[in-house]
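Each remark here refers to the structure printed beneath this line.
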Amino acid sequence: RLVRAHPVVVFMKGSPAQPLCGFSNAVVQILRLHGVEDYRAHDVLQDPDLRQGIKNYSNWPTIPQVYLNGEFVGGCDILLQMHQNGDLVEELKKLGIRSALLDAKKDQDKK
């Protein structure tokens with residue numbers, strides 16, 4: 001239910017305003033770079049059952065975990081790879097989210 005509650009859902013340590021591990025912070029920063037401000041974040045440190053439950057649900061052993069449109073994408077390493085190769089821009093587009101990096105690129109091209 002939680003992974004489908006919003007188009008972008010992140011299970012992380014801490015909150016977007018105060019990530020409590022470097023990997024969670026990296027996910028927040030990548031989303032911020034793309035201008036994704038409207039997403040649901042769940043702090044797994046507040047709920048041990050949620051922490052273990054999401055690992056079981058995804059069959060992925062680490063936190064953070066990112067879900068786009070209810071589908072498990074991966075953790076920090078996968079999101080970083082998607083950011084670097086441009087796949088994240090395309091995945092966000094499928095959700096109706098225009099990456100802020102597209103606008104930044106346009107600004108660069110004008111100069």
For region 2-110, the accessible surface attributable to carbon and sulfur atoms (probe 1.4 angstrom, ligands and nucleic acids excluded) amounts in percent to 49
Under a 1.4 Å probe, what is the accessible area of region 7-111 per residue, stated in Å²? 58
Order the following by accessible area, largest value first: HIS83, HIS34. Probe radius 1.4 Å; ligands, DNA and RNA are ignored. HIS83, HIS34
Quick check: from the Cα gyration tensor, does the chain come out rounded (a/c under 1.5), prolate or oblate? prolate
Which length gain, in nm to one decimal place, applies between LEU2 and GLN29 when the Cα-Cα distance is subtracted from 0.36 nm times their residue separation? 7.5 nm
Extension gain, ASN85 back to LEU45 (0.36 nm per residue minus Cα-Cα distance, nm): 11.3 nm
Cβ-placed point charges (K, R +1; D, E -1), dipole of the chain about Cα centre in debye, nearest 20: 160
Whole-Hz ³J(HN,Hα) for each residue in region 36-47, computed from phi via Karplus 6.51 cos²θ - 1.76 cosθ + 1.60 with θ = phi - 60°, x for glycine and proline: what do you get? 7, 9, 9, 8, 9, 10, 10, 7, 6, 6, 7, 8
If the reach is capped at under 19 angstrom between alpha carbons, list the aspartates and glutamates near LYS13, excluding any in the same chain fewer than eight residues apart. GLU37, ASP38, ASP43, ASP47, ASP49, ASP77
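The values are calculated or read from the model by the stated rules, or taken from the named source; none is laboratory data. As the structure is a prediction and not an experimental result, all values here were calculated from the model. With ideal geometry, Cβ positions are generated from the backbone for all residues, glycine too; neighbour counts draw on all protein chains shown. With ligands, DNA and RNA removed, areas are computed over all heavy atoms of the protein, side chains included. Shrake-Rupley method; radii C 1.70, N 1.55, O 1.52, S 1.80 Å.
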